[in-house]
Amino acid sequence: MSFEPASPVQTGTAVRGTAAARSATGFHRDAATWYTYLMLGFFGFVLNLQGNIVPLLKSELGLSYSTVSLHASAFAAGMMTTGLTGAPLIARLGRRRAMWLGALGLTIGSALLCAARQPVLSIGACALVGSVGGLVPIVVASTLADRHGDRRDVAYTEANAASYLFSLLGPLGIGAALALGIDWRVAVMLGVALGLAIVVRFRRAQLIDSHADGATAHGGLGVVYWSYWATLAFAVAIEYCVLLWAPEFLERVAGLSRSAAAAGAGAFMVAMIIGRFAGSKLLGRHTATHLLRGALLFALGGFAVYWTLGDANTVGAGWAALCAIAGLFLTGIGIAPLYPLTLALAVRAAGNLATLASARTTLASGGAILLMPALLGAAADAVGLRHAMLIVPLLAALALASATLASGLARRAHAEGRHAV
């Protein structure tokens, strides 16, 4: 895995030709690929930090739960704003400068979170991370699509695995700082320094712009793309519903102590990393569409163990805890490849409008993050957490239906195009 600089003169058709050549000769990770992997990791680090920092700010600033919830809402709203404005902005700046701007947004947003003494500042910092920092995943997705062509699904899966690995640095660093009696802000700024070091190290890496970027503001995305867009929204909703409510489920339903539930919830994070690396390997033997459907079914099977056998009132506290953690792990394995696979299929369906397609997917992600965990929480207040969690298999069924629809429409469009030729 060597770092080979790309030619600075490749644009448009040349980029697509290079991608086709790489698809034919095998998957190649050049300097730009590693740069995008690491920058998505930086984004994942800052994104995951919010879940660790906001509870600390709640204690320090005396925030109410409703004020705390505004932080996640501000981030999601920022992401959705970027979904609407990101494509024309990237077309104007170019991918290289847009990546720098995104890194700047992540850096300033993290610094503001550390400096916040009023909730308006911490909420604004989360909005900044979502809106300006949200340029990073758009640039990453469009760049990898152009560089790797039909192998973009492998690139997306590896990039998102790297993102999850980086996201673990946040809780580990903050936990270590608190255990050593160091201000948690030191761990945050060390992580930000690592992100800036990545930018400096790869400052000469060429993120080649596509000629199609200049037309993205007026481009059209077809029904196949929007079907996969819906699948992606359902996939993100599933992931965040399980991730955010796992500690509460393990404590209240499976009967674990609060500390044990927090530790047990880590099984989901571990499963996500394993599942994404495994997914990149399986793509050598299975198509993305088949792997997506298989992953959804696997996640449903894992959730059945998690929900059915993880109830202390049904099987006893000891067995419930074991089955709940095992089921959570299996659910995470199934959920892991959903986002990168669906993103790859959606961008593929968009043709040469990779930047516009990548930008619009952040609308799906932001909307799911904004709405679904809150809706599940409201349902839990009404019917209890265990029964409210049944929204997860419902979302999985909707994701399976929309993915099947998209696949069928794509096959029909391909057959009609071939017949016309």
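The values are calculated or read from the model by the stated rules, or taken from the named source; none is laboratory data. It should be emphasised that the depicted structure is a prediction, and the values quoted were computed from it without experimental measurement. As a convention, Cβ positions derive from the backbone with ideal geometry for all residues, glycine included, and neighbour counts pool all protein chains shown. All accessible areas refer to the heavy atoms of the entire protein, side chains included, with ligands and DNA or RNA removed. Shrake-Rupley method; radii C 1.70, N 1.55, O 1.52, S 1.80 Å.
To the nearest 0.05, how large is the calculated FRET efficiency for D150 and R97 if R₀ is 35 Å and r is the Cβ-Cβ distance?
Approximately 0.80, to the nearest 0.05.
Take A413 and A378, extend 7 Å from each Cα along the Cα→Cβ direction, and tell me the distance between the two endpoints in nm.
3.4
Using the heavy atoms of the protein chains alone and a 1.4 angstrom probe, what is the accessible area of the range 114-194 per residue in square angstrom?
34
For H286 and V120, what is the calculated FRET efficiency with R₀ set at 41 Å and r taken between the beta-carbons, to the nearest 0.05?
E between H286 and V120, to the nearest 0.05, is 0.25.
Please get the size of the charge dipole for the range 229-344, origin at its Cα centre, with Cβ charges of +1 on Lys and Arg and -1 on Asp and Glu, quoted in debye to the nearest 20.
Dipole about the Cα centre, nearest 20: 340 debye.
Compute the label zone of D183 within the range 118-133: residues whose backbone N is under 15 Å from the point 7 Å along Cα-to-Cβ.
118
When Rg is the radius of gyration of the Cα atoms in the chain and Rh is its Kirkwood radius, what does Rg/Rh come to?
When Rh is taken as the Kirkwood radius, the ratio is 0.97.
Rounded to the nearest percent, how much of the accessible area of the chain (1.4 Å probe, protein heavy atoms only) is carbon and sulfur?
After summing per-atom areas, the C and S share lands at 67 percent.
What ranking do 80-88, 330-338, 384-392, 136-144 get when scored by the average of other Cβ atoms within 10 Å per residue, highest first?
Averaged packing, sorted descending, gives the order 136-144, 330-338, 80-88, 384-392.
What is the packing order of peptides 184-191, 234-241, taking the mean over residues of other C-beta atoms within 10 Å and listing the highest first?
With the highest mean Cβ count within 10 Å placed first, the list reads 234-241, 184-191.
Can you order the peptides 346-353, 375-382 by their average number of other Cβ atoms within 10 Å per residue, highest first?
346-353, 375-382
A115: net charge of surrounding residues, Cβ under 13 Å, Lys/Arg +1, Asp/Glu -1, itself excluded?
So the surrounding residues net to 0.
Could you report the range 303-376's accessible area per residue, 1.4 Å probe, as an integer in Å²?
Per-residue value: 31 Å².
Rounded to the nearest 0.05, what FRET efficiency is calculated for A111 and A176 with R0 set to 22 Å and r the Cβ-Cβ distance?
Calculated value: 0.60.
What net charge is computed for the residues neighbouring Y339, neighbours being all others with C-beta under 14 Å from the C-beta of Y339, Lys and Arg scored +1, Asp and Glu -1?
Residues close to Y339 contribute a combined charge of -1.
Report the full-extension gain for the segment V223 to V200: residue separation times 0.36 nm, less the Cα-Cα distance, to one decimal in nm.
Length gained, V223 through V200: 4.3 nm.
Counting Lys +1, Arg +1, Asp -1, Glu -1, what net charge surrounds L283 among other residues with beta carbon under 12 Å of its beta carbon?
It works out to a net charge of +2.
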